[in-house]
Every structure is written in C-alpha cells, then in structure tokens.
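Here the structure comes first, spelled out in structure tokens, and everything after it is commentary.
The values are calculated or read from the model by the stated rules, or taken from the named source; none is laboratory data. Not measured: the values here are computed from a predicted model. Note that we place each Cβ from the backbone using ideal geometry, even for glycine, and neighbour counts take in every protein chain shown. Each accessible area value is taken on the protein alone, full model and side chains, heavy atoms only, with ligands, DNA and RNA left out. Shrake-Rupley method; radii C 1.70, N 1.55, O 1.52, S 1.80 Å.
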Amino acid sequence: MKIGFGAPVAGAWATPEYLADISRQAEDAGYASLWSFQRLLVPEGSGMDPVYRSVLDPMVALGYVAARTSRIRLGVAILNLPFVSPAYLAKQATTVDVLSGGRFDLGLGIGWMPEEFTATGATTARRGARTEEFLAVLATLWADKVSSFSGEFYTIPEGRQDPRPVQQPGPPVLLGGMSRPAMERAGRNAAGWITSSRADLTKISAAVRTISDAASAAGRDPAAVRIICRGVVIAGQEVKDLDGGRRLLSGSYDQIREDAAWLGEQGVTELFYDLNWDPQVGSPDVTPEAAARRAQEILTELAPG
C-alpha cells in the first residue's frame, strides 16, 4: 500500500511558504503523493467544520506545488464535476499534468451542498448520467487529435485542444462517492475510487467488494482499480466514532500505523494522511507557525518506511 500526504490547502498552514516547504518535505520523506480538495462556499450559519472555512483552489494549489517538487504524484480528492464544464476541466487537468511532468491524478465527485450548486448555476438532476458523459468528453479531449462529442448534456464542436497531457490516454480519473451507485460507477469507468472524509473506514472491505464486483461485471481487472483512502489523522488523541469505539487513524503514532497496515489488508491500495481535518492544523483560528510545527512532526513520525 502506498502512503501519501494531504497538502496544506486549508486553514492556518495553507500559506505559500508552508505549501511549498511541506510539499518538499513530504517528497523527501518518501511519501508517494500529495492531495488537495475543493470547497467553493461555506453557507452563512451552517456550522461546518473549521477545515472548510478557508480553502485554496485545488488545481491552482497543485500547479504551485508542481513547480516545487519533482517526483511525488499530485492529486485532487475531489473536485465536483457539476460545477465546471468538461472542456474547461480537461484544459486545467492537462495543464497540471504538463507542468508536473505527468504526475497528476484527477479525482471527481458529483457534489452534495445545495448552496454550491446554486452558486455555480449547476443542477442536481441526473448527476449519474451527467458523470458518464463528462468522463467521455474528457477521454476524447485528451486522447483524440481531433475531438468532437454530441450527447444529451454536453456538446464539443470538432476541434483540437492542445497541448496533449503527458500521461496518455490522459491523467488517471478517480471517482469519489460513498453510495453504492457511485462505487459501482468507479468500478466500471474509473482508474480508482476515493473515500470521503466522513467515511466509516471500519467498513472499507465491503466497499472494496462492491467496486471489484462492478469492475468484473464490466470486463475489467478488479486488481487494476485503485482504492484510495483519505486518512483523517488526529494524532495524540483518541477520537470516538459513532459506536463509541476509537476512530481509525486517531490516537498514538503506533495506533495510527497499525490502522494503516490494517487498511492495506482490507484492499486499500493507497492511503494519504490528511491533517487538514485536524483542528490544530486545518483551522484558521490557530497560528500558521503552530499548525506547521504540528504538521511537520506528524509528517516525520508517519513517514513511509
């Protein structure tokens, strides 16, 4: 199982200096990947977690990181596809792939917050069907020298979109979503699946089976579908789950490492430790220096190998 790290994109540590420095430190420490995420809007009075109150744009942040690293893979987990056109996103993803030398993974979701749909002029209607077309548009824009597409939701006039991605036939597309249809869609159509920050990781093996079964039914090799887990790490504190037990990836460093090994045994192929959900790191209310010190300690303690 590969081990990645959540980039400093939310809260106090999401500064230009710490984004560059911690990304380089993660690369030097042997982490396999760096991950960003998207939050467009925090509705007034919503009481959302501190992590969402101040978030950098995921694609711009990864472009910035691409210039300051050379080996580590860069991923977004996730960007909500209803909020952008597939042609625009294809250009963005290609740009990050080119600037990083072919190190980019594109994670996509279908969105869930009504206020963000309103703010972007998007619709929640038939999101599953729209996703299928969205992926088809990305594929033609990345792989075909001359692209065209005519579907129910999207139309691409015959033309070219250059430069081409470094990775061919395009950056790996990963799908999020914790519902059974979302998991099955990932098994059928995507390079992998990404868990949400609120996933019950004790049930991850059932999700792996659902995705593997869908891949097999579609004539794909289930072993080729990546299972990527966002690991919400709270080091030094045992957080209780809904059943009153210790939430996975909370507690001592030894407990967190044991949890990571267990996740690998359940079929997870990649786990990234995301400290943006730690209130002492990802909250805007702490000082950048204190957040970075805590993050650097955890990064070092949990480094692969």
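About the centre of its Cα atoms, the chain shows a dipole size close to 640 debye [charges on the beta carbon of Lys, Arg (+1) and Asp, Glu (-1) only; nearest 20 debye]. Just so you know, the Cα atoms of segment 176-305 work out to an Rg and Dmax of 16.0, 51 Å. Taking amide H atoms as placed 1.01 Å from N in the peptide plane, the amide H of ILE78 lies under 5 Å from those of GLN38, each 5 or more residues away in sequence or on another chain. Using a Debye calculation, one point per C-alpha and no hydration shell, please list log10 I(q)/I(0) for segment 171-211 at q = 0.20, 0.27, 0.29 Å⁻¹ in order. Log10 I(q)/I(0), no solvent term: -0.53, -0.92, -1.03.
Along segment 102-114 the Karplus relation, 6.51 cos²θ - 1.76 cosθ + 1.60 evaluated at θ = phi - 60°, assigns HN-Hα couplings of x, 10, 9, 10, 9, x, 10, x, 9, x, 8, 8, x Hz to successive residues, with x for each Gly and Pro. Sorted largest first, the spans of the alpha carbon positions of segment 126-241 along the three principal axes are 55, 32, 28 Å. At an R0 of 45 angstrom, the distance between the Cβ atoms of GLU44 and GLU265 translates into a FRET efficiency of 0.55. Which of VAL51, LEU138, VAL9 sits closest to the plus end of the dipole of the chain, meaning its Cα is farthest towards the positive end, when Lys and Arg get +1 and Asp and Glu get -1 on the C-beta? Farthest towards the positive end: LEU138.
Derived value for segment 1-138: Kirkwood hydrodynamic radius 15.8 Å. Basis is the mean of 1/r over every pair of different alpha-carbon atoms.
Assuming charge only on the beta carbon of Lys and Arg (+1) and of Asp and Glu (-1), the dipole of segment 1-117 about its Cα centre is about 380 debye to the nearest 20.
In a reduced charge model with +1 at each Lys and Arg Cβ and -1 at each Asp and Glu Cβ, segment 202-290 shows a dipole moment near 340 debye about its Cα centre.
For segment 9-95, applying the loop criterion from DSSP together with a ceiling of 14 other beta carbons within 10 Å to the trypsin sites (Lys or Arg not before Pro) yields ARG68, ARG71. Here the Karplus relation 6.51 cos²θ - 1.76 cosθ + 1.60, evaluated at θ = phi - 60°, turns the backbone of segment 198-211 into coupling constants of 9, 5, 7, 5, 5, 9, 5, 5, 5, 5, 4, 5, 4, 5 Hz, with x for every Gly and Pro.
Take the Kirkwood radius over Cα pairs of the chain, plug it into Stokes-Einstein at 20 °C and 1.002 mPa s, and you get 109 µm²/s for translational diffusion.
Within segment 214-305, DSSP assigns beta bridges of which about 10% are antiparallel (rounded to the nearest 5).
Measuring r between the beta carbons of ASP200 and TYR253 and using R0 = 30 Å, the FRET efficiency lands at 0.85.
Taking every DSSP bridge with both residues inside the chain, close to 15 percent are antiparallel.
How much area per residue is accessible in segment 1-144 when the probe is 1.4 Å and only protein heavy atoms are counted (Å²)?
Each residue of segment 1-144 exposes 38 Å² on average to a 1.4 Å probe.
Ordering VAL173, GLY151, THR124 by Cα displacement along the dipole of segment 111-249 toward the positive end leaves VAL173 in first place; charges were set at the Cβ atoms of Lys, Arg (+1) and Asp, Glu (-1). Within segment 199-230, list the residues whose amide N lies under 20 Å from a label point set 7 Å along Cα→Cβ of ARG180. Counting backbone N atoms under 20 Å from the label point, the list is 199-219. A dipole drawn for the chain from +1 and -1 charges on Cβ atoms has a positive end, and of ILE78, GLY109, ALA191 the residue lying farthest that way is ALA191. Computed from the Cα positions only, the extents of segment 62-201 along the three principal axes stand at 38, 34, 30 Å, in decreasing order. Across the chain, the relative contact order, built from alpha-carbon pairs under 8 Å that are at least six residues apart, equals 21 percent. Note that segment 72-84 has calculated 3J(HN,Hα) couplings of 5, 6, 10, x, 10, 9, 9, 10, 7, 5, x, 8, 9 Hz, one per residue in order, obtained from phi through the Karplus relation 6.51 cos²θ - 1.76 cosθ + 1.60 (θ = phi - 60°); glycine and proline are x.
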